[in-house]
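Peer 1: The following block contains the structure, expressed as structure tokens.
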Amino acid sequence: MPESSDEELQRALGKRGPAAPSGYEYRSQLQVLNYPFLHVVSGRDPQTGRRRTAKGVIAIGPKAVGIVAIGQFAFGVITAAQVGAALWTGLGQVMLAGYLGLGQGAVASTWALGQFAFARVAIGQLAIGKYALGQIAFGPHVYTPAVKDPAAVQYFHQLAQAVKEFLSGLWA
């Protein structure tokens with residue numbers, strides 16, 4: 001008897017059931033330094049029962065490690081994750097980044113934007129940094145509704161102007 005489209009969908013999504021697979025894995029044939037260019041995983045490894053980890057130049061899965069890493073937990077140069085770390089830029093709910101961190105909680109060396117932001121330049125509801133813009137901010141130069149340090153006002157106005165010019169150049 002042929003499967004219904006609902007059963008096929010459940011199987012493709014890796015849903016558990018009597019005939020359902022334990023997950024999915026795709027590795028591109030193209031290799032870069034012995035890592036697949038693209039590695040996509042889901043579910044658990046049928047041999048170990050552990051969650052699979054995607055490892056590749058571009059890695060996508062519940063756990064991912066790569067130059068570009070996307071997953072629930074991920075580490076990469078550029079990372080998008082619920083919880084992650086990025087050597088350069090990261091986007092996620094909780095993100096630790098080397099240069100630019102974007103997330104609900106973002107910690108970075110240079111730029112952080114998030115509800116809770118910690119960096120040299122921090123913008124958030126709670127911001128901590130050398131230049132901090134937020135509802136609540138801590139640092140040498142803060143810009144809040146109550147405190148407007150002249151150096152912070154000048155810095156963030158220049159930053160806003162630069163962003164405005166950059167964005168207008170995209171649509172010119």
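Read-outs throughout are calculated quantities, based only on the coordinates presented, and are distinct from any laboratory measurement. Because the structure is predicted, anything quoted here is derived from the model rather than measured. Cβ atoms come from the backbone with ideal geometry, glycine included; neighbour counts cover every protein chain shown.
Peer 1: Dividing the convex hull volume of the Cα atoms of the chain by its residue count, what figure in Å³ per residue is obtained?
Peer 2: It is 187 Å³ per residue.
Peer 1: Please list 92-103, 150-161 highest first by mean number of surrounding beta-carbon atoms within 10 Å per residue.
Peer 2: 92-103, 150-161
Peer 1: Between Ala81, Ala54, Ala162, where does the largest GNM mean-square fluctuation fall for the chain, given springs only between Cα atoms within less than 10 Å?
Peer 2: Between Ala81, Ala54, Ala162, it is Ala162 that shows the largest mean-square fluctuation.
Peer 1: What shape does the range 13-107 have by the C-alpha gyration tensor, where a ≥ b ≥ c are the square roots of the eigenvalues, rounded means a/c under 1.5, and otherwise prolate means a/b greater than b/c and oblate the rest?
Peer 2: Here the range 13-107 falls in the oblate category.
Peer 1: Does anyone have the angle between helix 150-170 and the longest principal axis of the chain? Alpha-carbon axes, 0 to 90°, nearest 10?
Peer 2: 50 degrees
Peer 1: Follow-up question, since we're still on this one. Relative to the Cα centre, what is the charge dipole magnitude of the chain, using +1 at the beta carbon of each Lys and Arg, -1 at the beta carbon of each Asp and Glu, and rounding to the nearest 20 debye?
Peer 2: Dipole of the chain, to the nearest 20 debye: 420 debye.
Peer 1: Where in the chain is the longest stretch that carries no trypsin sites (Lys or Arg not before Pro) classed as loop by DSSP and with at most 11 other Cβ atoms within 10 Å?
Peer 2: 51-172
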